[in-house]
1. When the stretch 85-141 is examined, which residues are found to be closer than 21 Å to Arg169 by Cβ, in contact with a strand residue (DSSP E or B) (Cβ under 6 Å, 6 or more places away or on another chain) and in a helix (DSSP H, G or I)?
2. Which members of the stretch 65-100 meet the condition of being modelled with pLDDT under 80 and among the aliphatic types (A, V, I, L, M)?
3. Taking the stretch 1-30 as the region of interest, how many residues are more than 14 Å from Asn46 (Cβ to Cβ), among the basic types (Lys, Arg) and without any contact (Cβ under 8 Å) to a residue 24 or more places away in the chain?
4. Do we have Asn125 as on the phi < 0 side of the Ramachandran plot, among the polar types (S, T, N, Q) and either in the same structural domain as Ser174 (by TED's automatic domain parsing) or surrounded by fewer than 16 Cβ atoms within 10 Å (Cβ to Cβ) (or both) here?
5. Of everything in the stretch 143-183 that's in a loop (DSSP other than H, G, I, E, B), modelled with pLDDT of 85 or more and surrounded by 14 or more Cβ atoms within 10 Å (Cβ to Cβ), which residue is nearest to the ligand (Cβ to nearest atom)?
6. Please find, within the stretch 14-38, the residue that is surrounded by the most Cβ atoms within 10 Å (Cβ to Cβ) out of those that are over 15 Å from Asn75 (Cα atoms) and modelled with pLDDT of 85 or more.
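The values are calculated or read from the model by the stated rules, or taken from the named source; none is laboratory data. Since we're looking at a predicted model, the values are computed, not measured. Cβ: placed from backbone, ideal geometry, glycine included. Neighbour counts: every protein chain shown.
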Amino acid sequence: MAERLLIGALKGGKNTKIVTLNGKKMTKMPSTLAKLPGLKTLDLYNNLIPKACPEISALTQFQNLKLREFYCEDNPLFLKRPFVAEQREVIWSLKEITSRFVMNELAKNNPILMDAIEQYPEVRNIISEGKNCAICGKFFLTIWLECVHFVPPSKNWKISKNLQLVPLRVLLCSYKCFNQRDPEIFGISQE
Ligand SMILES: [Zn+2]
């Protein structure tokens, strides 16, 4: 049943704006969502989906929000079952150390680096991938801690009233920042 609906949605391609798959006993998010760039409303209410698929993360990234409505209550997605994880520091590569230094100096408008960077398009390319730490605001390149921040939903979102907190993805630069985090921020670990 869910498959038939998805095939129909896929036939619509970029013209498909709404996908409704509520109560279909689905155990994962359909990865075919990535082929629906025009999707505005996704309803996965009351399924058995335990986690978000990478395709849905692409659709719901807040910098680049395409979905206007997303219903996913009554899935085991939002169960908070935290446990204390071992903090294993990753050794940074020379590239990570250098990129962090360059990005953070550029953010301070260091005049020497700002001049030098003009001569090195490859370096500009590398650091264009840099991301900000949600705690200290500093930059990092490829090594980070992936976390979720549970926040009350914005009043502008069309979501059901019984949903009190929604998880937003946040990235942190180090365990130093992780240990200073808000209590509503949880690290994500591989099972
Ligand atoms: Zn940080």
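1. Arg100, Met103
2. Leu65, Leu67, Leu77, Leu79, Ala85, listed by residue number.
3. Of the residues in the stretch 1-30, 2 are more than 14 Å from Asn46 (Cβ to Cβ), among the basic types (Lys, Arg) and without any contact (Cβ under 8 Å) to a residue 24 or more places away in the chain.
4. yes
5. Cys173
6. Per the criteria, the residue is Val19.
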